[in-house]
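Coordinate-derived values only; no laboratory data. This is a predicted model, so every value here is computed, not measured. Every residue, glycine as well, gets a Cβ built from its backbone with ideal geometry; the counts of neighbours run over all protein chains shown.
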Amino acid sequence: MALVNKVLIVGGGVGGMCAAIQLRKQGVEVDLVEVNPHWAPDGAGITISGPSLRALREVGVVQEVLRRGGHWTHIDICQADGTVMKTVEMDHAVGAEDLPPAGGIMRPVLADILGRATQEAGARVRLGVSFSSIEQDAEGVEVAFTDGSHGRYDLVIGADGVNSQVRKLVLPDFPGPKFSGQGSWRAVVPRMRRNSTIFMGETTKAGLNPVSETECYLFVLDRREGMDFIPPQQWPAMLAELIGEFGGQLAEIRRTLLEGDASGLKILYRPLAGHMIGVPWHRGRIVLLGDTVHATTPHLASGAGIAIEGALVLAEELGRRHSLEGALVAYAGRHYDRARLVVSASGRMGEIEAQGGSREEHQRVMMHAMQALRAPI
Ligand SMILES: Cc1cc2nc3c(=O)[nH]c(=O)nc-3n(C[C@H](O)[C@H](O)[C@H](O)COP(=O)(O)OP(=O)(O)OC[C@H]3O[C@@H](n4cnc5c(N)ncnc54)[C@H](O)[C@@H]3O)c2cc1C
């Protein structure tokens with residue numbers, strides 16, 4: 001007999017959608033509620049590492065992601081003025097030699113691909129809806145929804161992101177994510193090169209990763225004192241100042257930011273916060289997934305990837321164990337080390353950047369983590 005027949009997933013981000021798709025493959029009935037009525041994340045680009053592409057292949061959407069996104073095989077490492085210092089060939093994830101070693105896509109496009117796959121898999125999705133109460137007993141979980149409806153489930157998966165409400169039911173004492181000391185700036189610009197490009201400045205590092213055949217996204221991290229709100233009308237001038245030391249395409253982007261029409265660049269600023277929560281990640285019949293338990297800064301571009309991997313592992317363990325408790329313990333036990341590696345290595349890279357620390361250590365931490373993540377999950 002199946003461990004779970006009916007599951008509620010709270011949150012339709014990458015983690016929640018992939019869990020829904022994988023559980024539907026096992027014939028589990030899945031309800032998914034997403035609080036955002038438009039089911040659309042912010043309009044930024046996202047990098048899909050080789051291991052993340054491998055995980056998306058398992059979910060069944062990788063070809064669509066590659067068709068609608070961008071990918072590359074090499075990284076050009078440039079001086080601040082844009083001169084290429086070296087070009088590095090990227091390694092494939094183990095078992096994914098048939099896929100590009102890295103890719104990128106616009107978040108709304110990825111959400112569209114996964115959203116369609118979730119519905120085609122047969123999950124019942126309700127948008128603009130969340131839970132108002134969740135109460136569990138030994139046999140199941142009673143959920144009241146914000147639209148006035150009710151449901152009873154064998155398992156509730158909290159996939160509601162870094163500021164999760166479901167987490168309060170599992171870990172009531174968790175104080176919340178911690179500010180990392182850096183802010184993230186992103187903008188969408190024309191794609192000028194085949195390769196991903198990193199510009200090494202004196203104090204700042206900036207990069208351009210393709211998100212389609214014609215576009216790439218600019219990413220820059222800067223040191224910040226706190227999570228203060230910055231009015232969006234100030235973003236173009238602040239981003240222009242931040243990339244002021246760079247030449248090449250970044251100098252052209254700077255000119256557009258200062259003198260041209262920057263509205264098409266879809267600039268986004270976000271202070272970075274994260275956490276790595278120790279196991280257990282469940283309480284009875286409620287379990288946490290993705291950013292709810294491991295929210296990372298973007299230095300390794302792997303946060304979404306580990307949310308997807310977590311969904312794969314959770315569904316797999318639910319499909320093969322003989323007790324629900326055993327499956328939920330096995331899920332967290334199997335997934336914890338990879339998630340922790342991403343969060344801790346990204347955190348260390350951010351510290352080094354914010355403090356102007358050793359570039360060699362930064363490189364070492366990054367290479368070690370990337371190599372380890374290439375291994376199968
Ligand atoms: C600046 C930045 C850049 C990043 N770049 C990358 C990158 O290049 N590559 C990469 O792999 N990762 C990247 N990440 C990390 C990645 O975005 C996250 O790790 C990933 O989105 C986590 O997926 P998730 O499904 O756990 O959560 P989310 O994607 O946050 O999804 C949570 C969902 O739950 C919904 N929700 C919230 N509350 C409720 C509620 N009460 N009820 C119902 N629904 C609710 C939300 O609307 C949302 O749709 C980046 C992160 C940041 C901050």
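The table for this structure:
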{"item": "Count of segment 191-205 residues which are within 14 Å of the ligand (Cβ to nearest atom) and touching a Phe, Trp or Tyr at 6+ places or on another chain (Cβ under 7 Å)", "result": "1"}
{"item": "Members of segment 239-258 that are within 19 Å of Met192 (Cα to Cα) and either among the acidic types (Asp, Glu) or assigned to a loop (DSSP other than H, G, I, E, B) (or both)", "result": "Ile243, Phe246, Gly247, Glu252"}
{"item": "Answer from Arg320, Arg338, Arg334 - the residue that is buried (at least 19 other Cβ atoms within 10 Å of the Cβ) and out of contact with any His (no Cβ under 7 Å at 6 or more places or on another chain)", "result": "Arg338"}
{"item": "The one condition in (1) surrounded by 16 or more Cβ atoms within 10 Å (Cβ to Cβ); (2) more than 23 Å from Pro376 (Cα to Cα); (3) basic (Lys, Arg); (4) out of contact with any helix residue (DSSP H, G or I) (no Cβ under 8 Å at 6 or more places or on another chain) that Arg57 fails to fulfil", "result": "(2)"}
{"item": "Flag for Gly148 being of a type in the set (Gly, Ala, Ser), more than 14 Å from the ligand (Cβ to nearest atom), surrounded by fewer than 16 Cβ atoms within 10 Å (Cβ to Cβ) and free of Cβ contacts under 8 Å to residues at least 24 places away in the same chain", "result": "yes"}
{"item": "Within segment 113-123, considering residues that are of a type outside the set (Gly, Ala, Ser) and within 13 Å of the ligand (Cβ to nearest atom), the one surrounded by the fewest Cβ atoms within 10 Å (Cβ to Cβ)", "result": "Leu114"}
{"item": "Enumeration of residues in segment 42-75 that are in a strand (DSSP E or B) and over 15 Å from the mean Cα position of the chain (by Cα)", "result": "Gly70, His71, Trp72, His74, Ile75"}
{"item": "Matching residues, segment 280-296, being more than 9 Å from the ligand (Cβ to nearest atom), touching a helix residue (DSSP H, G or I) at 6+ places or on another chain (Cβ under 8 Å) and within 14 Å of Val156 (Cα to Cα)", "result": "Trp281, His282, Arg283, Arg285, Ile286, Val287, Leu288"}
{"item": "Unmet criterion (only one of (1) within 11 Å of the ligand (Cβ to nearest atom); (2) more than 18 Å from the chain's Cα centre (by Cα)) for Ile157", "result": "(2)"}
{"item": "Enumeration of residues in segment 24-46 that are more than 18 Å from Gly305 (Cα to Cα) and in contact with a strand residue (DSSP E or B) (Cβ under 6 Å, 6 or more places away or on another chain)", "result": "Arg24, Val28, Glu29, Val30, Asp31, Leu32, Val33, Glu34, Pro37, Trp39"}
{"item": "Of all residues in segment 95-127 being part of a helix (DSSP H, G or I) and aliphatic (A, V, I, L, M), the one that is nearest to Gln371 (Cα to Cα)", "result": "Leu110"}
{"item": "Hits in segment 301-312 (condition: buried (at least 24 other Cβ atoms within 10 Å of the Cβ) and aliphatic (A, V, I, L, M))", "result": "Ala304, Ile306, Ala307, Ile308, Ala311"}
{"item": "His92 being surrounded by 14 or more Cβ atoms within 10 Å (Cβ to Cβ), assigned to a strand (DSSP E or B) and more than 12 Å from the ligand (Cβ to nearest atom)", "result": "no"}
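Yes/no matrix, rows are residues, columns are (1) more than 26 Å from Gly319 (Cα to Cα); (2) away from the ligand (no atom under 12 Å from the Cβ); (3) of a type in the set (Gly, Ala, Ser):
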| site | (1), (2), (3) |
| --- | --- |
| Lys6 | no, yes, no |
| Asp31 | no, no, no |
| Gly45 | yes, no, yes |
| Ser49 | yes, no, yes |
| Glu58 | no, yes, no |
| Leu66 | yes, yes, no |
